[in-house]
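K.L.:
Have a look at the structure that comes next, please.
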Amino acid sequence: MIAPRPERERGTAATVVATPLVPLLEMRGIRKRFGELQALDGVDLVVNEGEIHALVGENGAGKTTLMNILYGLYHPDAGTIRYRGREVRITGPRDAIALGIGMIHQHFMLVPPLTVAENVVLGDERGGPPLDTRAIEQRVRALEERFGIVVEPSARIEDIPLGLQQRVEILKVLYRGSELLIFDEPTAVLTPQEVDELFVIVRQLRAEGKTLILITHKLREVLAVTDRITVLRQGRNAAQLVTKETNAAEIAKAMVGRELKELKARAATGTSLPILQISRLEALSDRGTPALRGVDLVVREGEIVGVAGVGGNGQSELAQCILGLRPVTEGTITVGGADITRDPPKRTRARGVAYVPEDRRVEGLVLPFTVADNFILGKQDREPYARRGVLEREAIAKDGDRLAKDFDVRPPNAKVIVGTLSGGNQQKVVLGREISESPRLIVISQPTRGLDIAATEYVHERLLEQRARGCGILLISSELDEIRALSDRIAVMFEGRIVATLDAADATEDRLGLLMAGHAEAASH
Amino acid sequence: MPIVSVLAALLAGAVLILISGSNPIRGYAALLRGAFGSPYNITETLVIAVPLTLAGISVAVAFRTGLFNIGAQGQLLVGALAAGWTGAQFPELPGILLLPLTLVSAVLAGGAWGAIAGWLKAARGVNEVITTIMQNYTVVFVMHWLLQNGPMTAPNAAGTPASSPIGAGAILPIIIPNEIVPLSRLHAGVVLAIAAVVVFWFLMWRTSLGYELRAVGLGARAAAQAGIDPRRRMVLVMFIAGGFAGLAGMIQVSGLFHRVFDGFSAGFGFDAIAVALLGKNSPVGITLAAVLFAAFARGGTIMQADAGVSSHLVEVVEATVLLVIAAEAIVRALAVRRGTPAEALA
């Protein structure tokens, strides 16, 4: 029989931010160096009991390193950690867990064929085998009721969406009796709806007296759900803020260290020639079910057409069909008037189509290759990078360095392995490779997923530049803000069809939301 | 570190030699002497290293493209059969014609045999591990048929079923004169093996095709969207892999045995997998690993004769090397999962 682990008694479930005499967690002067890199240079973090504390900063600011130190994965070079006023030494996750610290990782650590309940108790199975399935499911259900987290305990992980998998991660941590929960980029993989649901859970956890640290760089989420904010920049404290008394601009400035540029005002496009024409396009998903059910779409020169929609409504398949990566079962695709419906990627690209795929690590880049080698991916058999089938190493190295500089890849060294770069710099490599060919059409999916503010700003500027040059852009994104900020027209996808195409001016968030949810009639009023 | 792996395995082997009641120092001394102790021993070690290097390249070139070629053994035998047939079929041709003809036929035959597995994977999604293993068996039985009362069986052959000897023009000359190293069997195949290592390096790191193969191996989807069709490259690379293994077979026929017989060059194709792994699929690494495994094989026989240590123990040491390499990979993977920074492992 598995007995519930007792939660520690607590006086009041504080929903209001009070400032107790002793903070729950006090990290002071934390320093950590990795080789040449001073990742943390004397960072302080003070978290009060019962608050939601945002730890924000750009990629590489040291957020994750700091939390890994707290969780015992790294050992600090200097600094002290006090927990409930007592100085502690955390030498491994076991110590952290024993103190009541739990971590919800960005990449879920779940066993796909096991059930929700089995995953929750994994590593903490009391009584040994055989597991009493019914008992652990009951135990998990009780935990769910207490914290208002709903997910069927007997469901298999592989059958449930990411949003629910994350709840299982949260349950795992709660099951071990954690009082301080660290969320590492919790919304990175979630749909907007799932984000809202997560916030409900997060507030419920606070109401139950838990303390939360949210690692993120999304300002909207910081403002929506947290109480206090610690901003890191380049391994140092950049600001300590109270959420109620601050705003997005102030946080962003602290993160980036300067004011952010406004996106350039967009010039109105005239009636220009269509570059991409798609008619009655149909295609199957990987599982053989219909993914596209008659898509009609036009992108003109010098125009950005945004494709909005909840993930999984055919957006990825649409991009793959245009490139020639997925067989088209019905309909036609033309680029500049030429039929490319059945063309393989090489021929499609030869027509001036550039592609920035949604998963840059798997589809966009060969991670173990250098920056220079990634720049020539797809051009490896042409001059100036190859002559009679033999690579021109000098030309590749020279252009690699030039592109790395032009596209602000950091470090600006084309000999670096791409897999070691940050997400933003990886995206610059992909974008640089695609844009440097002066394409007529760019198909770009989730261009800023996982990127920090500065990198996002950079990508957006480059896209607007391309648009001004007369390039047509098909922008697929699950970030509504991004689509609305960049697009001239917005097409909404739902269940494999474009249910509406709106001028950017008419596309209010409400209307887009209704269309994305499949309420085409409601949205037309 | 491969060197650490080798040392750890030798240490484990020493413990086993102790347990078996012999003196490990004497055993290893005999092994070392057998492998490198005299000019003759060195040439004998190199004779074994030549096919191991080529078969190792065969495995590595596929590895680099993300395919696991278990079929080097079968491809080697097909190459040997092709070389044996060609060499025996045109015995009158001069060496300047017959030797290249023998070589090309072996490379093409081994390549075509390898390409079957590549094609099945590309067109039908059949796992190349399974097809190449099955192909290995197929070759062995086809060989039985060809050599025992089959079309290639030598007339009046006694003892082991074998083919007719190849013509003089198909023979790779001995490159070390008898006056310098008496009885040396070291043939010009060693030159071909060195050339093959250079070709392998040039192909993979200096040509567009090599770039494409590595891109497919390290990021098939990224390659595909950039216009490099992974399926075509799979067929091609299995042809190339088969070609290298086929060349190994040809060298065994033309340089060493001058005919094909049943049970010919057993096991080289499998040791080649270990050679490629230990050599980290790199040209220099494979060459060194092939020499090491050849030294084990050659030295093992001497160790048995001189120190009374069973030569099977050498196989245990070889297997332990692999185990340690595999363990190293596992430890590394675990460390990454636990979030230990890579620098700490370096």
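The values are calculated or read from the model by the stated rules, or taken from the named source; none is laboratory data. Computed from a predicted structure; not experimentally measured. All Cβ positions, even for glycine, are placed from backbone atoms using ideal geometry, and neighbour counts span all protein chains on display. For accessibility, only protein heavy atoms count, side chains too; no ligands or nucleic acids. Shrake-Rupley method; radii C 1.70, N 1.55, O 1.52, S 1.80 Å.
K.L.:
Residues of the stretch A:23-37 being assigned to a loop (DSSP other than H, G, I, E, B) and of a type in the set (A, V, I, L, M, F, W, C), which ones?
P.N.:
A:L24
K.L.:
Now for a separate question. With respect to the numbered conditions (1) touching a residue at least 24 places away in the same chain (Cβ under 8 Å); (2) within 14 Å of chain B (Cβ to nearest Cβ), which one is the sole condition not fulfilled by A:G423?
P.N.:
(2)
K.L.:
Within the stretch B:29-52, track down each residue that is open to solvent by 10 Å² or more (accessible area, probe 1.4 Å) and of a type outside the set (F, W, Y).
P.N.:
B:A29, B:L31, B:L32, B:R33, B:G37, B:S38, B:P39, B:N41, B:I42, B:E44, B:L46, B:I48
K.L.:
Please state which one of A:T211, A:T226, A:T230, A:T187 is open to solvent by 10 Å² or more (accessible area, probe 1.4 Å) and of a type in the set (S, T, Y).
P.N.:
That would be A:T226, the only listed residue that is open to solvent by 10 Å² or more (accessible area, probe 1.4 Å) and of a type in the set (S, T, Y).
K.L.:
Among the candidates A:V335, A:V310, which residue alone is outside the structural domain of A:L219 (by TED's automatic domain parsing) and at pLDDT 95 or above?
P.N.:
Of A:V335, A:V310, the one residue that is outside the structural domain of A:L219 (by TED's automatic domain parsing) and at pLDDT 95 or above is A:V335.
K.L.:
Does the stretch A:98-110 hold any residues that are open to solvent by 50 Å² or more (accessible area, probe 1.4 Å) and modelled with pLDDT under 90, and which are they?
P.N.:
A:Q106, A:H107, A:M109
K.L.:
Moving on. Evaluate the following for A:A155: is it surrounded by fewer than 18 Cβ atoms within 10 Å (Cβ to Cβ) and either free of Cβ contacts under 8 Å to residues at least 40 places away in the same chain or among the aliphatic types (A, V, I, L, M) (or both)?
P.N.:
yes
K.L.:
Among the helices (runs of 4 or more DSSP H) lying completely within the stretch B:165-250, list those that include at least 3 residues that are open to solvent by less than 10 Å² (accessible area, probe 1.4 Å) and either among the basic types (K, R) or within 14 Å of chain A (Cβ to nearest Cβ) (or both).
P.N.:
Once the helices (runs of 4 or more DSSP H) in the stretch B:165-250 are filtered for at least 3 residues that are open to solvent by less than 10 Å² (accessible area, probe 1.4 Å) and either among the basic types (K, R) or within 14 Å of chain A (Cβ to nearest Cβ) (or both), what remains is B:208-218, B:220-225.
K.L.:
Would you say A:K405 is at the interface with chain B (Cβ under 9 Å from one of its Cβ atoms), over 30 Å from A:G518 (Cβ atoms) and of a type in the set (K, R)?
P.N.:
No, not satisfied.
K.L.:
When you go through A:A248, A:A252 one by one, which is the residue that is modelled with pLDDT under 90, outside the structural domain of A:E461 (by TED's automatic domain parsing) and crowded, with 18+ Cβ neighbours inside 10 Å?
P.N.:
Residue meeting the stated conditions: A:A252.
K.L.:
A further question on this structure: Taking the condition of being of a type in the set (A, V, I, L, M, F, W, C) and within 14 Å of another protein chain (Cβ to nearest Cβ), how many residues in the stretch A:295-317 meet it?
P.N.:
Looking only at that region, the number is 0.
K.L.:
Considering only helices (runs of 4 or more DSSP H) fully contained in the stretch A:469-525, which possess at least 1 residues that are crowded, with 17+ Cβ neighbours inside 10 Å and modelled with pLDDT of 85 or more?
P.N.:
A:480-486, A:509-516
K.L.:
Go through the stretch A:373-399 and count every residue that is acidic (D, E) and more than 8 Å from chain B (Cβ to nearest Cβ).
P.N.:
Of the residues in the stretch A:373-399, 4 are acidic (D, E) and more than 8 Å from chain B (Cβ to nearest Cβ).
K.L.:
If you don't mind, another one. What pairs come out if I take residues in the stretch A:169-181 that are open to solvent by 10 Å² or more (accessible area, probe 1.4 Å) and pair them with residues that are assigned to a helix (DSSP H, G or I) and among the aliphatic types (A, V, I, L, M) whose C-beta lies under 7 Å away, six or more apart or interchain?
P.N.:
As it stands, the answer is A:K172/A:V120; A:R176/A:I97, since those pairs meet every condition given.
K.L.:
Restricting attention to the stretch A:322-368, and to residues there that are farther than 24 Å from A:S477 by Cβ and within 7 Å of chain B (Cβ to nearest Cβ), which single residue is least open to solvent (accessible area, probe 1.4 Å)?
P.N.:
The residue in question is A:V366.
K.L.:
Here's something else I'd like to know. Can you spot a residue in the stretch A:416-438 that is assigned to a loop (DSSP other than H, G, I, E, B), over 28 Å from A:A188 (Cβ atoms), charged (D, E, K, R) and modelled with pLDDT of 95 or more?
P.N.:
No, the stretch A:416-438 contains no residue that is assigned to a loop (DSSP other than H, G, I, E, B), over 28 Å from A:A188 (Cβ atoms), charged (D, E, K, R) and modelled with pLDDT of 95 or more.
K.L.:
Still on this model: Is it fair to say B:L77 is surrounded by fewer than 24 Cβ atoms within 10 Å (Cβ to Cβ) and either part of a loop (DSSP other than H, G, I, E, B) or on the phi < 0 side of the Ramachandran plot (or both)?
P.N.:
no
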